[in-house]
Amino acid sequence: MKILIILPAIVLLSLSLVAQRTGGIKPTRDSMQRWHSAYSKSTNSSNRIFIVRHAEKQSGKDPLLTPEGNLRAGDLARRLKKENIEKIYVSEFKRTQHTADSLLLWYNIDTVQYLADTSCTDLFEKITQHHDWNRRILIVSHSNIIPALIYKLGISNFPQQNIPDEEFDNL
C-alpha cells in the first residue's frame with residue numbers, strides 16, 4: 001500500500017508501507033497494534049491512500065470553499081482523475097465534501113463521512129468497516145488532523161508537523 005499526501009493539487013510525500021519491514025518507516029506502537037491486521041491484509045502493491053487537505057475556505061463555523069478553493073478543488077480532480085480512486089473519505093465539514101465533489105462526480109463513487117478529530121479513530125474504523133485498506137482511497141482532511149493521521153498510519157518521520165492555516169499549495 002502506498003500513501004500519497006497531497007495538499008490540494010500538490011504531492012507532498014509518497015511512501016510504501018513495505019518499507020516498514022526494511023526500517024525505512026518507523027511505525028508507532030499505536031498504529032501497529034490497532035491496524036496491523038488491516039495493513040497485513042493489503043497485498044496489492046497498487047493500493048494507495050491519497051491524503052489531501054481541503055481547499056481554501058470562507059470564514060465561519062462550517063464554511064463553503066472560496067472561489068480560489070473551488071479552482072483548487074478542480075485542480076485536485078484533474079491531478080487525481082487517472083488514479084482510479086475507489087472511495088472518498090470526507091469529514092462532516094462542507095469544505096472537505098466540496099473539495100472532493102469533482103472527483104466524486106468524475107468517478108461516480110460513494111463517499112464515507114468520518115468524524116474529524118486528531119485521534120483518527122472514527123476514520124480508521126470506517127476504512128476497516130468498508131474493507132478499504134486494500135483499495136485506492138482519497139481522504140480529505142484538515143491541517144490539524146493530517147499530521148496525526150500520517151503518524152497513526154505509521155509514518156513517524158513526516159517532515160512537516162504543523163500545516164499553517166493559510167497554506168494550501170506548498171510542497
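The values are calculated or read from the model by the stated rules, or taken from the named source; none is laboratory data. Nothing here was measured: the structure is a model prediction, and the numbers come from that model. Note that each Cβ is placed from the backbone with ideal geometry, even for glycine, and that neighbours are counted across all protein chains shown. These area figures cover heavy atoms from the full protein model, side chains too; ligands, DNA and RNA do not enter into them. Shrake-Rupley method; radii C 1.70, N 1.55, O 1.52, S 1.80 Å.
Of note:
- Selection count where residues are open to solvent by 60 Å² or more (accessible area, probe 1.4 Å), among the charged types (D, E, K, R) and either more than 17 Å from H54 (Cα to Cα) or without any contact (Cβ under 8 Å) to a residue 12 or more places away in the chain (or both), scope segment 82-119: 3
- Residue that is nearest to the chain's Cα centre (by Cα) [pool: residues in segment 65-115 that are farther than 21 Å from E166 by Cα and among the basic types (K, R)]: K87
- Among the criteria (1) farther than 19 Å from E167 by Cα; (2) buried (at least 21 other Cβ atoms within 10 Å of the Cβ); (3) in contact with a His (Cβ under 9 Å, 6 or more places away or on another chain); (4) not hydrophobic (A, V, I, L, M, F, W, C), the one S141 does not fulfil is (1).
- Given (1) open to solvent by less than 50 Å² (accessible area, probe 1.4 Å); (2) under 29 Å from W133 (Cα atoms); (3) not small (G, A, S), index of the condition P63 fails: (2)
- Flag for D122 being surrounded by 15 or more Cβ atoms within 10 Å (Cβ to Cβ) and without any contact (Cβ under 8 Å) to a residue 12 or more places away in the chain: yes
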